[in-house]
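Structure first, commentary second.
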């Protein structure tokens, strides 16, 4: 159904002169299943904007209906359909206060007040009663927006304010968000790490016995959680080699996949590893033991078994495979960089302590574990992530249901560990994270993925996320990818991604009552992640006066070389 310009002006005059309620701004011109076109009066909108600052009662305060992202409401038979402004276009060529605006809006949900009481305002995402042409459009009031986006209860936290009015608190439901995982996506420098820190900080301040692990590839987060975290770096992390399953053993110890003798080495490792675990079974029935069973064994025992098998050989080519595997194990034993995992001291059965330390059982006022990956050698960092991810999930699976405690795993720069590329050295890590993405919610293991390159991130993992915090994003491939995996019809909101400010995000999914643009609160200075961006303008004003600068840097390099 369409209107001529004369019809539109006549309709507006009829509506604006009628007694249809407070804050009338126009009417519905055209509707579809997910959006509507409105004809609104410029003068009516200006009147609302001019009235806003003079209203004494905050509960009745109108909110501006004149910006992209602003919320309006459409009167239907019961209550109102709430919608977000996506496009604004002037009708006609004569610019004056009497002109009309054509406004395209996307539906958000349906709301109504019971018994005309603010406290009984109800809101649902679904649109059970669609608007029809000529129904009246209104500005919204503060309490209505607060009821949609700022509902506070025991399971919710406030992260900032609703944009663009920046008055209404913006909240997320922690149970809904963590129950189906979440992702924070956006360009470098848009504030992803700060948003992640704010989210975790608000969770632990309200739920002091949380269990949260953060995989930190650049040592950014320990500064943000110093008062509530335990940091595990290459000097303090204790991750015994025998905890690895067979696939992880292969990634660490076996020659890369293009080598001609790779399968022979895998077969050797399978035999000797299974024998070493059986010999160290310590009362566990042999028939229950597999090559993956986390039973402590000594590396010297593996080497001894390799020597025994080599003594029976008469084939020089096969002998080479044994020697290559033996030398690889010996190298890990001797290299101090791998002491956190391959030291001889790691052969003792301290699995209880490993689990307790990482998962914070008991919490002891430190609910956050920071896994600092920055100092871990690059050729083993993938296995470290894989092992921790896997043992957390397996522990959750085998926990008694009544005693199990939910765990949140936060993966910064997730595209490094769960990439789209199937031919990757991170295959065990990718498999562990994909498994948690698909099955974790059954066992209380939640996943938080943070990435500036969603197009390079495993779609299997990302598509399992139920809540998305999407920050400024300029790359068209990334925007298209995000649009395809968003859990609800909010494609129109993505048009504004390139114009988001630092610290702003579009939040969509299970954790919020409706898609919302929010401005994150600013954390206190001591609670922000450490920025690694160099300050060129200030550093280049100073010369290097210390003769020991280069020497000290080289010594640190030699001592900590990855």
- Task: Could you calculate the contour length gain from residue 218 to residue 262, that is, 0.36 nm times the residue separation minus the distance between their Cα atoms, to one decimal place in nm?
- Result: 12.5 nm
- Message: Taking 22 Å as R0, compute the FRET efficiency from the Cβ-Cβ separation of residue 298 and residue 431 and round it to 0.05.
- Response: 0.20
- Message: Starting from the Kirkwood Rh over alpha-carbon pairs, what translational D in µm² s⁻¹ does the chain have by Stokes-Einstein at 4 °C and 1.567 mPa s?
- Response: 48
- Note on the structure: Neighbour-count ranking for 138, 221 (other C-beta within 10 angstrom, fewest to most) reads 138, 221
- Item | Cα-based helix-to-principal-axis angle, 548-560 vs the chain, degrees rounded to 10 | 70
- Nearest 10 degrees, 0 to 90: what angle lies between the long axis of helix 5-17 and the longest principal axis of the chain (Cα atoms)? 80
- Using a Förster distance of 51 Å, the FRET efficiency for residue 474-residue 331 (Cβ separation, nearest 0.05): 0.70
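Of all DSSP beta bridges located in the chain, what percent are antiparallel, nearest 5?
70
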- Any chance you could give the angle, 0 to 90 degrees and rounded to 10, that helix 476-485 forms with the longest Cα principal axis of the chain? 90
- How many nm is it between the label spots at residue 350 and residue 309, if each spot is 7 Å from the Cα in line with the beta carbon? 3.0
- R0 = 22 Å: FRET efficiency of residue 439 with residue 175, Cβ-based, nearest 0.05? 0.75
- For residue 158 and residue 286, compute 0.36 nm times the residue count separating them, minus their Cα-Cα distance, and round to one decimal in nm. 40.8 nm
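The numbers here are math on the coordinates, done by the rules we state, and not lab data. Computed from a prediction, not measured in an experiment: that's the story for all the values here. Glycine also receives a Cβ, built like all others from the backbone with ideal geometry; neighbour counts cover every protein chain displayed.
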